[in-house]
Each structure stands twice: as C-alpha cells, then as structure tokens.
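*Asks:* This is the structure, below, for whatever I ask next.
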Amino acid sequence: MGGAFLRYNEGDMLRFSTAGESHGEALTALVSGLPAGVTVDLEFVNRELWRRQQGYGRGGRMKIETDKAHVLSGVRHGKTIGAPIAIELVNRDWKNWEEKLPVEAGDPAKHQAVASPRPGHADLAGALKYNFPDARYILERASARETTSRVAAGAFCKLLLAELGIEVLSHVTRVGRVELERAATWDEIKAVAAKEDVMLSCVDAETEARMKAEVEETSRTGDTIGGVFEVVVHGLPAGVGTHVNWDERLDGLLAQAVVSIQAVKGVEIGRGVLGSESFGSKVHDPIYYGEAKADKPTRFERHQNNAGGLEGGITNGEDVVVRGFLKPISTLRRPLESVRFDTREATAASYERSDICVVPAAGVVAEAMVAYVIAQQVLVKFGGDSVLELKRNYEGYLEQIRRF
C-alpha cells in the first residue's frame with residue numbers, strides 16, 4: 001500500500017502503526033489522520049478487544065489477559081481532536097517474563113530460548129534474517145498477540161465509519177472440513193457479532209455444532225485447525241476506490257490488509273474462487289434500475305453479489321465481501337520435526353502455549369484491517385478535518401448519485 005500513500009499528503013493520510021512484543025510489558029497502537037469530532041465510545045473499543053479473545057479452541061493466554069484500551073492522547077471529552085491517538089494495552093503476563101525479557105542486559109541465564117524453529121512460523125526465516133541464535137525475539141513480534149493493537153486501531157476506524165452509517169462485521173464460513181453451505185444475511189451476521197457466548201461465530205447453529213466437533217477432534221489429536229472467515233462492509237455507497245492506478249485499487253488494498261494478518265494465506269473478494277470455475281454468464285451480476293430505497297443512495301441495484309461489492313477496484317453500492325483463508329496455527333502440542341539452532345541436530349519443534357482454532361478471532365482482526373482500509377479510502381475521497389466537514393462532503397456526494 002506504500003505506493004498509494006505517496007500520492008497523497010502524508011500528514012493528512014489516515015494510518016496506524018503498532019509496537020510491542022507478545023510477552024513484553026505492553027502493546028501500543030498509534031492512529032493518526034482521524035478527523036476531529038469523532039465520538040469515542042471506549043466500551044465499544046473494549047468490546048472489540050474482548051471479541052478478539054473469544055472463540056472455541058482458544059488457548060491459555062486468553063485466560064490471563066483482559067485487554068483494555070488505555071488512551072494516552074488524541075481524545076478529549078469523549079471526542080477525537082484531530083491529533084494522533086496513542087493507545088496502550090497492558091500485557092498481564094509481563095510479570096512472568098520481566099526477568100526473561102528485560103530491556104537492560106539482565107541475566108542471560110534466565111533467557112528462555114526458542115531452541116528449534118516451528119514449521120509454518122516465522123522462527124527460522126526471522127532468525128536467519130536477523131542473525132539471532134534462537135527464535136525468541138522473532139516469536140515475540142511475529143506472534144498474533146500483535147493483532148490486539150490492530151483491533152484497537154480498527155475500532156477507532158469503525159467509530160469514524162459509524163458516523164456515516166457504514167458498518168464492518170465478520171462471521172465464520174468454514175472450520176477444517178465443515179463449511180457453511182448457504183449465504184448469510186446481514187441481520188444474521190449482526191446477531192452473531194452481538195453474542196456474549198461466542199462459540200465459532202457461524203450464523204447457522206447446526207453447522208456451528210459440527211464445527212465445534214471438528215475442533216474437539218483436532219484437540220484430541222494434539223493438532224491445530226484452520227478455516228475461512230468472511231468480512232462484510234454494509235452501507236458503503238458506490239464510488240469509493242479507483243481504477244486508475246494498480247496500487248490504488250480498493251480490492252488490492254483490501255487483499256494486502258487481510259493477508260497481512262498472521263496465518264492468513266489467501267484472500268477472496270466476493271465469489272472469486274467460484275468465479276474462476278464458472279462461465280461469465282453465471283458469475284457477473286446483472287444490473288437493474290428500481291425504486292428508490294431509504295437504505296440505498298442509488299436506484300441501480302443487483303439481485304446477487306458475486307463481485308463482492310467491487311468492480312474495477314471501485315465499490316458498486318453492494319455489500320463489500322472479503323474472505324480470508326486461515327492456515328492452522330503452527331505451534332502443535334505434538335510438534336513436527338525440526339532442527340536445533342545450536343547443534344543442528346534433528347529434534348522436535350519448540351512448543352509455546354498456543355491455540356487450537358482461532359478462526360473467529362482472526363475474523364475480528366480482519367474486520368479491523370478492512371475498517372482501516374475503508375476509512376482511509378473514505379477520507380481520501382471525501383476529506384475533511386472535522387466530522388462535520390466530512391459529513392457535509394459525504395452527504396453531498398450521496399445526493400449526487402441519488403440524482404444520477
């Protein structure tokens with residue numbers, strides 16, 4: 001996405017960065033470029049963090065941490081002020097690692113090495129890249145614990161989008177061999193996201209029960225399991241994104257953002273995979289011109305959404321649909337074969353406390369990343385240093401496409 005950034009004033013671009021290690025003292029997120037006047041609901045932000053921790057098959061770390069956002073700057077009297085927003089997320093597990101991972105030199109004897117790299121993890125590639133004698137420092141930053149910061153940053157992007165009536169949510173469509181074999185409605189997806197007893201975030205109870213059995217079978221064998229999540233953007237009008245440069249197309253930006261999530265190895269926009277196997281007459285979404293509807297600014301509509309709300313890198317007014325394909329977690333209770341860093345001898349891969357299934361949690365992280373990209377492109381198109389100015393520009397555009 002870096003190439004696209006160069007086309008705009010860096011100081012005005014919505015962006016975020018994260019810092020911190022899995023077992024460090026805290027994680028942080030820095031969000032800059034949000035306009036002034038966004039209403040900040042910290043209960044909402046903390047619930048997003050809670051949602052990331054839920055799901056059947058999560059590991060012991062989630063029993064230790066209770067993630068809460070501590071906002072250090074950029075928000076005053078419940079609203080953004082246009083300044084960078086710094087968010088701190090304390091790691092409760094730090095007390096168990098303070099002597100193992102000190103900032104100063106500390107006692108080398110207390111260092112807890114990752115002695116043999118785990119297949120599928122960044123361990124070996126990172127150790128080679130940075131010339132580390134073990135994979136501890138690679139694990140600490142490559143860990144999916146980093147996504148806590150992403151969810152916090154994404155929650156602020158969601159709050160901005162909410163000012164315009166745009167929502168971003170996810171649900172799980174596959175765990176292992178068990179797949180949801182029907183489309184989900186927006187109301188069903190909202191109901192799953194609102195649950196307090198999160199299981200596997202599937203909209204269909206019978207399918208979710210089979211997914212749960214799949215996770216249980218995986219747990220009994222000491223293995224891990226992956227799956228597919230679907231993120232839906234609801235309420236976004238046609239015309240966001242562009243076709244004019246390859247690195248500015250919205251589908252490309254979304255794909256990069258989602259595949260950047262740990263363990264995501266593939267991305268699909270709409271029914272991209274099915275479309276590759278089908279005839280054009282069956283894939284493309286016919287266009288109709290109908291009656292004006294209160295929830296849609298244009299009378300152009302589709303009766304299906306195989307395109308996933310994007311054509312030519314531009315939104316077409318239908319829901320934007322992005323799927324992420326998540327590989328199984330690479331830390332196994334029955335480790336795969338590996339090699340010791342020090343002796344080069346064959347051994348079992350290192351084991352760190354881990355999860356069995358994280359597909360629902362990955363969906364929440366993907367919501368954050370999708371919300372970030374959408375919020376960024378909304379600001380690119382409509383601009384505004386304040387929410388008032390943004391809404392004025394946005395509503396003027398909606399009136400334009402209503403009249404088209």
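*Asks:* Order these peptides, 340-349, 312-321, 284-293, by their mean beta-carbon neighbour count within 10 angstrom, highest first.
*Replies:* Averaged packing, sorted descending, gives the order 312-321, 340-349, 284-293.
*Asks:* Just add up the charged neighbours of ALA115: K/R +1, D/E -1, any other residue whose Cβ is under 13 Å from the Cβ of ALA115.
*Replies:* Here the count lands on -1.
*Asks:* Given just the C-alpha atoms of region 261-404, how large is their convex hull per residue in cubic angstrom?
*Replies:* In region 261-404, the Cα convex hull volume per residue is 197 Å³.
*Asks:* Now for a different question. Computed over the Cα atoms, what is the radius of gyration of the chain divided by 2.2 N^0.38 Å, N being its residue count? It would help to have the intermediate numbers written out before the result.
*Replies:* On the way: Rg = 22.1 Å, N = 404, 2.2 N^0.38 = 21.5 Å.
The reported ratio for this selection is 1.03.
*Asks:* Okay, moving on. If I model region 196-317 as equal point scatterers sitting on the Cα atoms and use the Debye formula, what is log10 I(q)/I(0) at q = 0.12, 0.18 Å⁻¹?
*Replies:* Here log10 of I(q) over I(0) equals -0.64, -1.13.
*Asks:* Indicate the helices, whole DSSP H runs only, in the chain that combine a mean Kyte-Doolittle hydropathy of 0.5 or more with a Cα extent along their long axis of 18 angstrom or more.
*Replies:* Qualifying helices, which must be both long enough and hydrophobic enough, are 147-162, 359-382.
*Asks:* Determine the relative contact order of region 2-403: mean sequence separation of Cα pairs under 8 Å and six or more apart, normalised by residue count, in whole percent.
*Replies:* Numbers: 826 pairs, mean separation 90.5, N = 402.
The normalised contact order for region 2-403 reaches 23 percent.
*Asks:* Another question, then. In whole Å, largest first, what are the principal axis extents of the Cα atoms in region 101-201?
*Replies:* That works out to 55, 37, 27 Å along the principal axes.
*Asks:* For a Förster distance of 30 Å, can you work out the FRET efficiency between the beta-carbons of ALA183 and ARG334, rounded to the nearest 0.05? Before the final figure, lay out each step's value.
*Replies:* Details: r = 37 Å, r/R0 = 1.23.
Calculated value: 0.20.
Read the figures in this text as sums done on the coordinates, not as results from a lab. Note that the structure is a prediction, hence the values are computed from the model and not measured. When we count neighbours, we look across all protein chains shown, and the Cβ atoms used for this are built from the backbone with ideal geometry, even at glycine.
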